[in-house]
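Only one structure is covered here, and it is reproduced in the block below.
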């Protein structure tokens, strides 16, 4: 746990977990220290806890460089069949060993054995926003 001021984290609800579970991919936005944006599709991810999301790094280059320089990220996830979506905003960290990385590698290899993940990207979620079409679009999930 970080020392100092404790920031209130967003809670990933059951409905949000359901959308993540049904998603066919994640759009992950990062930026350089100077603010140059980058968005990439990520195929492998899941909810780790009520305030963390795991994304597996298989091919990241700019994204990894950006996270190291500026850990602030946004992640968009959606269930097209149900027309539900959410955006997570938070800080990312990269892990290349340990149980979370090992579990992520197993997840990737169970779907595509030929891939070799390089790292686990763990996003500590600060806020969640609705991206579903309708009157709640843009609303912060409390």
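Where a number appears in this text, it was derived from the coordinates with a stated rule and is not lab data. Small disclaimer: the values here were computed from a predicted structure and weren't measured. Note: ideal-geometry Cβ built from the backbone for every residue, glycine included; neighbour counts use all protein chains shown.
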For the chain, what is the mean residue ellipticity at 222 nm derived from helices alone (per DSSP H run of n ≥ 4: -39500 (n - 2.57); sum divided by total residues; nearest 500 deg cm²/dmol)?
-6000 deg cm²/dmol
Scattering curve values for the chain, log₁₀ I(q)/I(0), Debye with Cα scatterers, q = 0.12, 0.18 Å⁻¹
-0.47, -1.07
State, in angstrom, two size descriptors of region 75-142 derived from its alpha carbons: Rg to one decimal place and Dmax to the nearest whole number.
15.3, 43
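Quick check on packing: order 79-92, 34-47 by the mean number of other C-beta atoms within 10 Å, highest mean leading. Mind showing how you got there, number by number?
Values: 79-92: 17.2, 34-47: 14.4.
So the peptides 79-92, 34-47, ranked by packing, come out 79-92, 34-47.
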